[in-house]
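Asker: I am attaching a structure below and will ask some questions about it afterwards.
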Amino acid sequence: MAAPPPRVLTIAGSDSGGCSGVPADLRTFAAYGVHGLCALTAVTAQTAGEVRAVEAVNTDLLRRQLDAAAEIGLDAIKIGMLTDVPTVEAVADWLEGLPPTPAVLDPVFRSTSGAALLEAEALPFVVERLLPRLLLVTPNLFEAERLSGMAIGGPEDARTAARRIERLGPGVLITGGHGYSAVAGTADCGRGGELTDLLFDGNRFRTFVHPRIRTPWRRGTGCTLSAAVAAGLGWHLPVERAVQRAVAFVERALRGAYPLGRGGRYGTLDPMAGHRGGR
Ligand code: PXL
């Protein structure tokens, strides 16, 4: 009898186009060799470029998915799209009753195309009810500005924001993919095509500098990164190692990105890059 691999749960929305959310997370888990479980928070209808419909899964059904996953047993958890206040509360209540399990939140507020994935009223509930129970949160610059309540115009601001977010409970990985900064209005953070991700665990800062992969086919990047960190934690890697591996994993997935749909304008990174039989 084979020993079971680590069991890693994603609590997130389905993306019917298969680029982000649960489909991206499950591909990432497969590539990491962990057993992926999923609890759907929402169902969406999407092409690779556009979110056309979003509907939250009712909290009773969400709770039943979460309880069933807990009964199977979990080594790590990734949390993505949370939609609204009842969903945030359902997940927070469930986490409270769970034996301590490392959990990573990708605090998605909007899709790349601008669709709201978390109602504005739900943000304080994420901060008060969810963040204290997490090991790590993985905001991009825009999301880090929302969580910290400050504009991030450069590396020093990013450190200040990371300290503020860490004070809310979890370690924080601020990803540099969107450049400084939507809100502060300053230019790209990439020195000569490099990007910096910033990790703060409450004790020390660590930066991960990597090349910016210039592809328009980037849907699912944030989802894949946080799922990869959760999968690494499922393998009992320390946070810093799990992040280091996840950053390299996303880089490879972006190098394997492909177009989906007419014209090649939109597409997705490929968490299975290098793992696909028959390619
Ligand atoms: O990339 C954030 C995200 C997460 N989850 C779902 C999504 C998206 C973006 O569109 O659709 C389900």
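The values are calculated or read from the model by the stated rules, or taken from the named source; none is laboratory data. It should be emphasised that the depicted structure is a prediction, and the values quoted were computed from it without experimental measurement. Positions of Cβ are generated from backbone atoms using ideal geometry, with glycine treated the same way; all protein chains shown enter the neighbour counts. Remember, those area values only see protein heavy atoms, side chains included, never the ligands or the DNA or RNA. Shrake-Rupley method; radii C 1.70, N 1.55, O 1.52, S 1.80 Å.
Asker: I'm checking my understanding of the structure. Among residues of the range 108-135 that are more than 10 Å from the ligand (Cβ to nearest atom) and not aliphatic (A, V, I, L, M), which one is most open to solvent (accessible area, probe 1.4 Å)?
Answerer: Among them, the one singled out is 128.
Asker: Same structure, new question: Residues in the range 226-234: is at least one at pLDDT 95 or above, within 16 Å of the ligand (Cβ to nearest atom) and polar (S, T, N, Q)? Please lay out each step first, then the result.
Answerer: Kept after step one, since they are at pLDDT 95 or above, are these residues of the range 226-234: 226-234.
Adding the requirement that they be within 16 Å of the ligand (Cβ to nearest atom) leaves 226-230.
Checking the rest, the ones that are also polar (S, T, N, Q) come to 226.
Yes, the range 226-234 contains at least one residue that is at pLDDT 95 or above, within 16 Å of the ligand (Cβ to nearest atom) and polar (S, T, N, Q).
Asker: Consider residue 26 against the criteria (1) over 15 Å from the mean Cα position of the chain (by Cα); (2) under 26 Å from residue 252 (Cβ atoms): it satisfies all of them except one. Which criterion is unmet?
Answerer: Just one mismatch for residue 26, condition (1).
Asker: Could you look through the range 152-174, keep only residues that are farther than 22 Å from residue 125 by Cα and in a helix (DSSP H, G or I), and pick out the one that is farthest from the chain's Cα centre (by Cα)? Write out each step before concluding.
Answerer: If we filter the range 152-174 for residues that are farther than 22 Å from residue 125 by Cα, which is where we start, we get 152-160.
Subset that is in a helix (DSSP H, G or I): 155-160.
On the way: 155: 21, 156: 24, 157: 22, 158: 18, 159: 20, 160: 21 Å.
Top of the filtered list is 156.
Asker: Follow-up question, since we're still on this one. In contact (Cβ under 8 Å) with a residue 60 or more places away in the chain, open to solvent by 20 Å² or more (accessible area, probe 1.4 Å) and either among the hydrophobic types (A, V, I, L, M, F, W, C) or under 26 Å from residue 237 (Cβ atoms) (or both) - does that describe any residue in the range 83-99?
Answerer: Here is the first cut: in the range 83-99, the residues in contact (Cβ under 8 Å) with a residue 60 or more places away in the chain are 83, 91.
So of that shortlist, the ones also open to solvent by 20 Å² or more (accessible area, probe 1.4 Å) come out as none.
No: the range 83-99 contains no residue that is in contact (Cβ under 8 Å) with a residue 60 or more places away in the chain, open to solvent by 20 Å² or more (accessible area, probe 1.4 Å) and either among the hydrophobic types (A, V, I, L, M, F, W, C) or under 26 Å from residue 237 (Cβ atoms) (or both).
Asker: Would you pick out the residues in the range 1-17 that are closer than 15 Å to residue 227 by Cα and either among the aromatic types (Phe, Trp, Tyr) or open to solvent by 20 Å² or more (accessible area, probe 1.4 Å) (or both)?
Answerer: 7, 14
Asker: Then there is this: Can you pull out every residue in the range 198-223 that is open to solvent by 60 Å² or more (accessible area, probe 1.4 Å) and over 18 Å from residue 259 (Cβ atoms)?
Answerer: Matches in the range 198-223: 201, 203, 204, 206, 207, 209.
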